[in-house]
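A.B. asks: My structure is below; once you've seen it, I'll send some questions.
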Amino acid sequence: MQIPSLAIPEIRAGLDSRRFSARELALEALRFAEAENPRTGAYLHFSPERALQAADRVDAALARGQDPGPLAGVPVAV
């Protein structure tokens, strides 16, 4: 999975179709951010535990057939 090349609609479609899980997406986003950070210095703090907990909530909602929202599961950096 190439996180930087996925548009938000592609991420939502992948989550909805179960092509990948929110947890897999979060792990890939964390790996990418940590790998690129020495070069970019874009991130001051990583919260992998919180990211994975949020991803697990999205996966659980999808498994129950619920719509967790249009941006649920989409990796975001602030």
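Read-outs: derived from the displayed coordinates by stated rules, not from any lab. Note that the coordinates shown come from a computational prediction; the quantities given were computed from them, not determined experimentally. All Cβ positions, glycine included, derive from the backbone under ideal geometry; neighbour counts span all protein chains shown.
A.B. asks: What translational D, rounded to a whole number of µm²/s, comes out for the chain from Stokes-Einstein when the hydrodynamic radius is the Kirkwood one over Cα pairs, at 10 °C and 1.306 mPa s? Let's see the in-between values first.
C.D. replies: Details: Rh = 12.9 Å.
Rounded to a whole number, D works out at 123 µm²/s.
A.B. asks: Moving on to the next point. Ranking Glu49, Glu34, Glu24 by Cβ neighbours within 10 Å, fewest first, what do you get? Mind dumping the intermediate values first?
C.D. replies: On the way: Glu49 8, Glu34 12, Glu24 16.
If I rank by nearby Cβ atoms, fewest first, I get Glu49, Glu34, Glu24.
A.B. asks: Now for a separate question. When the dipole is taken about the Cα centre of the chain, and only Lys, Arg (+1) and Asp, Glu (-1) are charged at their Cβ, what size is it in debye, to the nearest 20?
C.D. replies: On the way: 9 positive and 10 negative charges, 12 e Å.
Charge dipole, the chain, about its Cα centre: 60 debye, nearest 20.
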